Amino acid sequence: GSNRWDGTSYTQVYGADGMEALVDYTNSNIVFIETQYGSIYKSTNGGSSFTYVAPSSGPWVTTYIMDPVDHNKMYAGYATLYKSTNNGSNWSVLASNLYGGNYCTAIAVAPSNTNTIYTSSLGLMKKTTNGAAPFTDITAGLPVASAGINYIAVSNTDPNSVWVAFSGYSSGNKVFKSTNGGSSWTNVSGTLPNLPVNTIVYENGSSNRVYIGTDIGVYYRDDNTADWIFYNDGLPNVMVHELE
């Protein structure tokens, strides 16, 4: 299920299989949790009670995010990409049939230009620069024939600087980077082990530092490092599925 830590103890606030949890960055009493197949629930009282707000049904773990500048805007990825303009209470279709009949795996909004939105399925990468459909296919140059797109990270100062993390066991195809909004891609996998990269996050205000979660822990890389650095002091040898 989904659990809340209050500084002293954990309380289960909702049952079933707990998926993505999200706290509104403007009001900690506004909380979203999710159960299997994209069932999203919203609370306005810090998780004491929840209301079902999902726009559709989706994959076992369905991705949904909050716009980094306007908390009223939210995005949820099913077979269709949905958008909310009232903090997740209601949704409308932003782009239908975006993934060729497959499910969304990742969504990222550029903090420096929130009209730039990147989204993906395992085998497709698309973007818009005006916050609306149609989306442009920017998959060319990515190793989707042998690995699946898991997660997307975007610089907080440059909407064209974007990183993509890959699942699977395709040696050398772990992280790709673009500095031109996906017009071309560079393999920045370095000497990462041949394991799935489950998540990637950009450190705001850094020299393009990104952290990744893999099946054996965390690595980071930036403009000042020649390769990935293992970042595991005190961390058990565990699969890391998401980083904030």
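The values are calculated or read from the model by the stated rules, or taken from the named source; none is laboratory data. Note that the structure is predicted; figures quoted are calculated from it, not measured. When we count neighbours, we look across all protein chains shown, and the Cβ atoms used for this are built from the backbone with ideal geometry, even at glycine. Surface areas here come from the heavy atoms of the whole protein model, side chains and all, with no ligands, DNA or RNA. Shrake-Rupley method; radii C 1.70, N 1.55, O 1.52, S 1.80 Å.
So here's what we get for this one:
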item	result
In the stretch 97-127, the residues that are among the hydroxyl-bearing types (S, T, Y) and surrounded by 19 or more Cβ atoms within 10 Å (Cβ to Cβ)	Y99, T105, T116, Y118, T119, S120, S121
Per-region count, the stretch 1-29, residues hydroxyl-bearing (S, T, Y), more than 19 Å from K73 (Cβ to Cβ) and not in a strand (DSSP E or B)	2
Enumeration of residues in the stretch 210-230 that are among the aromatic types (F, W, Y), open to solvent by less than 40 Å² (accessible area, probe 1.4 Å) and not in a loop (DSSP other than H, G, I, E, B)	Y211, Y219, Y220
Which listed residue is in a loop (DSSP other than H, G, I, E, B), surrounded by 15 or more Cβ atoms within 10 Å (Cβ to Cβ) and out of contact with any strand residue (DSSP E or B) (no Cβ under 8 Å at 6 or more places or on another chain), from S189, S207, S170	S170
Subset tally (residues that are crowded, with 17+ Cβ neighbours inside 10 Å and either modelled with pLDDT under 95 or of a type in the set (V, I, T) (or both)) for the stretch 153-167	3
Condition broken by F135, with the remaining ones in (1) open to solvent by less than 10 Å² (accessible area, probe 1.4 Å); (2) under 24 Å from N180 (Cα atoms) satisfied	(1)
From the options G182, G234, residue that is on the phi > 0 side of the Ramachandran plot, at pLDDT below 95 and among the small types (G, A, S)	G234
Subset of the stretch 30-56 (residues that are within 17 Å of Y78 (Cβ to Cβ) and open to solvent by 70 Å² or more (accessible area, probe 1.4 Å))	Y37, Y52
Which numbered condition F166 misses (of (1) within 11 Å of L142 (Cβ to Cβ); (2) of a type outside the set (V, I, T); (3) in contact with a His (Cβ under 7 Å, 6 or more places away or on another chain))	(3)
Qualifying strands (runs of 3 or more DSSP E) (wholly inside the stretch 30-143; at least 2 residues being within 30 Å of S184 (Cα to Cα))	63-66, 74-77, 81-84, 92-95, 106-109, 117-120, 125-128
Failed condition for A108, given (1) of a type in the set (A, V, I, L, M, F, W, C); (2) under 22 Å from G1 (Cα atoms); (3) out of contact with any Ser or Thr (no Cβ under 7 Å at 6 or more places or on another chain)	(2)
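Each row is one residue, and each column tells you yes or no for (1) surrounded by fewer than 19 Cβ atoms within 10 Å (Cβ to Cβ); (2) within 30 Å of L124 (Cα to Cα); (3) among the β-branched types (V, I, T).
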residue	(1), (2), (3)
G1	yes, no, no
W5	yes, no, no
M19	no, yes, no
V61	yes, yes, yes
